[in-house]
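Participant: The structure's right below; bear with me while I get my questions together.
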Amino acid sequence: MSASASFVFGYGGVSVNQSGNFILGNDFSVNTPIQVTQLGVFSQDAPIAGSISIGIYQNAGASGSWTLVGSIQAITVANETLNVSAQTDYINVSPFILGPGLYSVVTATSSDYNSGNPNTGVSAVTFNNLGGAVTDGTYDIWNYGSSLSPTLSGMETTGPGNPTWPWPLPVFGAGTLSAVAVPEPTTMIAGALLLLPFGASTLRILRKNRTA
């Protein structure tokens, strides 16, 4: 994993407790643009045995409706890299930018174990806000199924306050992404302005040397 990029959802202390045909999404809000470089899935202590589909979806205006950003990826035993301490199998992807909005990193599997939290207690899944660039969602999403499509509809929600599944957030040991905050244009301009005096000094030295 890139030294400057970090997993947003961390699974280092998570234990498997369910398997089956589930579509699971951990939601997050992007406050300032981030660059995604890797996608990963929870895998306790060992590489995944089969194939897990993963994609990032943006909310389409309702809690149950989501639209795919980019393409659906398959993480398999043939392309995965296992980060043992993070309990995450990941793949590198062509870097892409997520602008401000509500997103979910969603997985689908019918053959590998994942994790969901009980109705009480504190979630073992950790959240990295990338210095404030992202915020954990107010709910997570799920449904029955074993495959992903360009759009997801009818997704169920879970989280504190949900009358049926009031689980702590982030809920699922499922998908994650590795990302880094993108400097805002104003920050880059400010940095360039700080370098101007040094550039002027260098130019004066060069001119002095030429006339000497």
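The values are calculated or read from the model by the stated rules, or taken from the named source; none is laboratory data. As the structure is a prediction and not an experimental result, all values here were calculated from the model. Counting neighbours? That spans all protein chains shown, and the Cβs are built from the backbone with ideal geometry, glycine included.
Participant: Looking at (1) buried (at least 21 other Cβ atoms within 10 Å of the Cβ); (2) of a type in the set (A, V, I, L, M, F, W, C); (3) modelled with pLDDT of 95 or more, which is the only condition ILE52 fails?
Facilitator: (3)
Participant: Every residue in the range 1-21 that is assigned to a loop (DSSP other than H, G, I, E, B) and either without any contact (Cβ under 8 Å) to a residue 24 or more places away in the chain or surrounded by 20 or more Cβ atoms within 10 Å (Cβ to Cβ) (or both), please.
Facilitator: Answer for the range 1-21, where residues must be assigned to a loop (DSSP other than H, G, I, E, B) and either without any contact (Cβ under 8 Å) to a residue 24 or more places away in the chain or surrounded by 20 or more Cβ atoms within 10 Å (Cβ to Cβ) (or both): ALA3, VAL8, TYR11, VAL14.
Participant: May I ask you to verify whether VAL106 is in a strand (DSSP E or B) and under 18 Å from VAL16 (Cα atoms)?
Facilitator: yes
Participant: Related question: Whether any residue in the range 22-39 is closer than 21 Å to GLU80 by Cα and in a loop (DSSP other than H, G, I, E, B) is what I want to check.
Facilitator: Within the range 22-39, not a single residue is closer than 21 Å to GLU80 by Cα and in a loop (DSSP other than H, G, I, E, B).
Participant: Looking at the range 137-156, which of its residues are assigned to a strand (DSSP E or B) and touching a Ser or Thr at 6+ places or on another chain (Cβ under 8 Å)?
Facilitator: ASP140, ILE141, TRP142, THR151, LEU152
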